[in-house]
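Asks: Mind looking over this structure? Questions follow.
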Amino acid sequence: MTAEQLQSRASEALANFVSVDTVDDGSLGFEFAGALCSLSAMTLSDGLEVLSLTCVLAWDRPISAALHKKVAERNQSVQFGSVALFGHGRFGDVILRYTFPAAGLSDEALTTMLLLVLSGADSARQGLLP
């Protein structure tokens, strides 16, 4: 399976739950429970195709000790992926990222995996916005 085929399968799986668009860079863009998400497939080595999912959980949040604490708590509780704070000046964006091998998954397993990750993004997003 090629990365392009894997991304097409992921798009079809996501289309059952969200509106998916192809972005200029070829990745898939969509919104899930208020989080802006991007998904792309890539080949890391022959036979190792992965999906990389990035979700912006909160953006332009004032950086504070309380925000750092919330991000650390979210990072500990999320099952799939990692939550990080990326600062830019006095503000920061909270991002969830998860990359996983997916070429061998059945359509049902791929859909389940994507929903598990997105469910974690939804949970991690709670309490990060005013």
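Asks: Considering G47, G87, which residue is under 22 Å from T2 (Cβ atoms) and small (G, A, S)? Give the steps one after another, and end with the answer.
Replies: Details: G87 fails: under 22 Å from T2 (Cβ atoms).
Checking each option against the conditions leaves just G47.
Asks: Next question. So, in the range 1-43, of the ones that are part of a helix (DSSP H, G or I) and not polar (S, T, N, Q), which residue ends up nearest to L128 (Cα to Cα)?
Replies: L14
Asks: How many residues, within the range 48-87, are touching a residue at least 12 places away in the same chain (Cβ under 8 Å), outside any helix (DSSP H, G or I) and among the small types (G, A, S)?
Replies: 6
Asks: Check whether at least one residue in the range 58-74 is buried (at least 20 other Cβ atoms within 10 Å of the Cβ) and closer than 24 Å to R9 by Cβ, and report yes or no.
Replies: no
Asks: Sticking with this one: Taking only pairs six or more apart or across chains, which ones have beta-carbon atoms under 7 Å, a first residue in the range 1-29 that is surrounded by 11 or more Cβ atoms within 10 Å (Cβ to Cβ), and a second residue that is part of a loop (DSSP other than H, G, I, E, B)?
Replies: Once the first residue is surrounded by 11 or more Cβ atoms within 10 Å (Cβ to Cβ) and sits in the range 1-29, its partners that are part of a loop (DSSP other than H, G, I, E, B) give M1/A103; L6/A102; L6/A103; S11/V20; L14/V20; L28/V20; G29/V23.
Asks: Check off (1) touching a helix residue (DSSP H, G or I) at 6+ places or on another chain (Cβ under 6 Å); (2) in contact (Cβ under 8 Å) with a residue 60 or more places away in the chain; (3) buried (at least 20 other Cβ atoms within 10 Å of the Cβ); (4) under 25 Å from L44 (Cα atoms) for A121 and give me the number that stays unchecked.
Replies: (1) is the only condition that A121 fails.
Asks: Restricted to the range 103-113, and to residues that are at pLDDT 95 or above and touching a helix residue (DSSP H, G or I) at 6+ places or on another chain (Cβ under 6 Å), which residue is nearest to F17 (Cα to Cα)?
Replies: Only one residue fits best here, namely T111.
Asks: Related question: Looking at (1) at pLDDT 95 or above; (2) more than 21 Å from M1 (Cβ to Cβ); (3) within 18 Å of the chain's Cα centre (by Cα); (4) of a type in the set (G, A, S), which is the only condition S64 fails?
Replies: (3)
Asks: Something else: Can you find, within the range 86-118, the residue that is farthest from D46 (Cα to Cα) among those that are among the hydroxyl-bearing types (S, T, Y) and surrounded by fewer than 18 Cβ atoms within 10 Å (Cβ to Cβ)? Can you show your working first?
Replies: Filtering the range 86-118 for residues among the hydroxyl-bearing types (S, T, Y) gives 98-99, 106, 111-112.
Filter once more, keeping what is surrounded by fewer than 18 Cβ atoms within 10 Å (Cβ to Cβ): 99, 106, 112.
On the way: T99: 17, S106: 20, T112: 25 Å.
In this case the residue turns out to be T112.
The values are calculated or read from the model by the stated rules, or taken from the named source; none is laboratory data. Note that the coordinates shown come from a computational prediction; the quantities given were computed from them, not determined experimentally. Glycine gets a Cβ as well: all are built from the backbone with ideal geometry, and neighbour counts include every protein chain shown.
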